[in-house]
Amino acid sequence: MRSVIKRAEWTIGPDPSEGASPSIREIECTGCGERSEASTGQLGPDAWAIGHTGATQHTGYREIVTAFLRVVPAPGNPLHTEPSGSH
């Protein structure tokens, strides 16, 4: 049997699932289009940009972040359940 909930509240945010992928970060040079390696940390892409500036004198960069999100039932939605460990 299927149920349809026409008016229920939902929220969107970082995926709280166990084993969910962390955000992935890259930095792209706006002067030549070269990019850092993708990383889940900040240090690698930042170090790449600083090194790239030293080698090329390019100083403009764009940060590219891929974040993994999940839509979940909000409190008050009949499908909402409290996260484990909550009272």
Taking the stated definitions as given, is ALA8 of a type in the set (A, V, I, L, M, F, W, C) and either assigned to a strand (DSSP E or B) or at pLDDT 85 or above (or both)? no
If a residue has to be farther than 30 Å from TRP10 by Cβ, open to solvent by less than 60 Å² (accessible area, probe 1.4 Å) and touching an Asp or Glu at 6+ places or on another chain (Cβ under 8 Å) to count, how many in segment 50-79 make the cut? 1
Result of the Cβ filter at 9 Å on segment 50-77, keeping first residues that are over 30 Å from ARG7 (Cβ atoms) and partners that are among the basic types (Lys, Arg), at least 6 apart or interchain, is GLU63/ARG25; ILE64/ARG25; ILE64/ARG35; VAL65/ARG25; THR66/ARG25
Kindly provide the set of residues from segment 16-49 that are assigned to a loop (DSSP other than H, G, I, E, B), loosely packed, with under 12 Cβ neighbours inside 10 Å and either free of Cβ contacts under 8 Å to residues at least 12 places away in the same chain or in contact with a helix residue (DSSP H, G or I) (Cβ under 6 Å, 6 or more places away or on another chain) (or both), ordered by number. GLU18, GLY19, GLY33, GLU37
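The values are calculated or read from the model by the stated rules, or taken from the named source; none is laboratory data. No experiment lies behind these values; they were computed from the predicted model shown. Here the Cβ is made from the backbone with ideal geometry for all residues, glycine too, and neighbour counts use every protein chain on show. We work out accessible area using only protein heavy atoms, side chains counted, and drop any ligands, DNA or RNA first. Shrake-Rupley method; radii C 1.70, N 1.55, O 1.52, S 1.80 Å.
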